[in-house]
1. Going residue by residue through segment 158-180, is there one that turns out to be out of contact with any Leu (no Cβ under 7 Å at 6 or more places or on another chain) and within 30 Å of PHE28 (Cα to Cα)?
2. If I ask for residues that are more than 30 Å from THR27 (Cα to Cα), more than 10 Å from the ligand (Cβ to nearest atom) and touching a residue at least 24 places away in the same chain (Cβ under 8 Å), which ones from segment 67-92 would you list?
3. Anything in segment 52-62 that is in a strand (DSSP E or B) and near the ligand (Cβ under 8 Å from one of its atoms)? List them, or say none.
4. Go through the residues of segment 132-150 one by one and say whether even a single one is touching a strand residue (DSSP E or B) at 6+ places or on another chain (Cβ under 8 Å), within 30 Å of GLY201 (Cα to Cα) and either in contact (Cβ under 8 Å) with a residue 12 or more places away in the chain or more than 15 Å from the ligand (Cβ to nearest atom) (or both).
5. Tell me, which residue of segment 187-232 that is aliphatic (A, V, I, L, M) and farther than 30 Å from GLU102 by Cα is nearest to the chain's Cα centre (by Cα)?
6. Looking only at segment 216-239, count every residue that is surrounded by 15 or more Cβ atoms within 10 Å (Cβ to Cβ), farther than 16 Å from ILE41 by Cβ and touching a residue at least 12 places away in the same chain (Cβ under 8 Å) and tell me the total.
7. Which one of these does PRO38 not meet: (1) out of contact with any strand residue (DSSP E or B) (no Cβ under 7 Å at 6 or more places or on another chain); (2) touching a residue at least 24 places away in the same chain (Cβ under 8 Å); (3) more than 22 Å from PRO183 (Cβ to Cβ)?
Amino acid sequence: MITKKSYRLFTAYIMSMRTSYNNKSTTFLEKDIEIKDPIHIFEKWFNLVKSDPRTVEANAMCLSTSTKTGLPSARFVLLKGYSKDGFIFFTHYTSRKGQELEENPVAALTFYWEHYSRCVRIEGAVEKLPFSKADDYFSKRPYQSQIGALCSDQSKAVSGRDILEKKAEELKTQYKEGEVPRPSQWGGYIVKPTYFEFWQGQTDRIHDRIVFRKPGPNEPDGVLTHKAEDGWMYERLNP
Ligand SMILES: Cc1cc2nc3c(=O)[nH]c(=O)nc-3n(C[C@H](O)[C@H](O)[C@H](O)COP(=O)(O)O)c2cc1C
């Protein structure tokens, strides 16, 4: 049982948790961004992080969706491709996220790369990819991952793990390697970005936040908002 005293001690312990991020040499300044294009910056940061042996999954990102009445939900998914057109992930269309994207096709993606004290936030409208892309990616997944996807009715309740393991065994006898069909409601989504934020943590807590978004009326004004490449503009936010 959590007593008032243990609650206080526990809270105090969490409150004292404090990480040093970076020294001033890693400040993220506008003048140091050689190409003011958010995809280019994302690529630079992503490549740096993924080539670092300390990184486990550079492509893990928190995907936030919401119902049409605005009830939010968030979970991690893996980024499986990106370009100027958008950011791609694969999942079950009948899952909770799939249902929320059906009724409210917008999403936010958040990457956090702790070894670099960096975070990237992306927001945009979401579209389903053609099933041909899902077929292509599904066929390249390891056998066990294919079976796992096929045996899951994602986000629905199940009475025990044994039910899933039994189903997986049955599917393995039914389908040999190279024969597993893509689940009919498993496919890709693309998030088409209209907003990027690049966050660089600093030990002095004066963190850098540079946002790229599409200009509104009278923007960029050359003071707070500045012209960038390819129809984007950028601005710095208070941390
Ligand atoms: C690092 C990580 C990566 C994941 N990648 C995926 C993924 O690419 N696709 C997916 O459907 N679920 C993925 N999951 C599982 C989801 O977080 C989640 O449990 C599942 O998609 C069901 O979410 P929902 O009920 O909100 O739809 C991943 C989980 C973690 C922790």
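None of the figures in this text is laboratory data; all of them are computed from the coordinates on show. As the structure is a prediction and not an experimental result, all values here were calculated from the model. Cβ coordinates were reconstructed from backbone atoms using ideal geometry, including for glycine residues, and neighbour counts include every protein chain displayed.
1. No: segment 158-180 contains no residue that is out of contact with any Leu (no Cβ under 7 Å at 6 or more places or on another chain) and within 30 Å of PHE28 (Cα to Cα).
2. THR67, LYS68
3. ALA60
4. no
5. ILE210
6. The total comes to 2.
7. Result: PRO38 passes all but (1).
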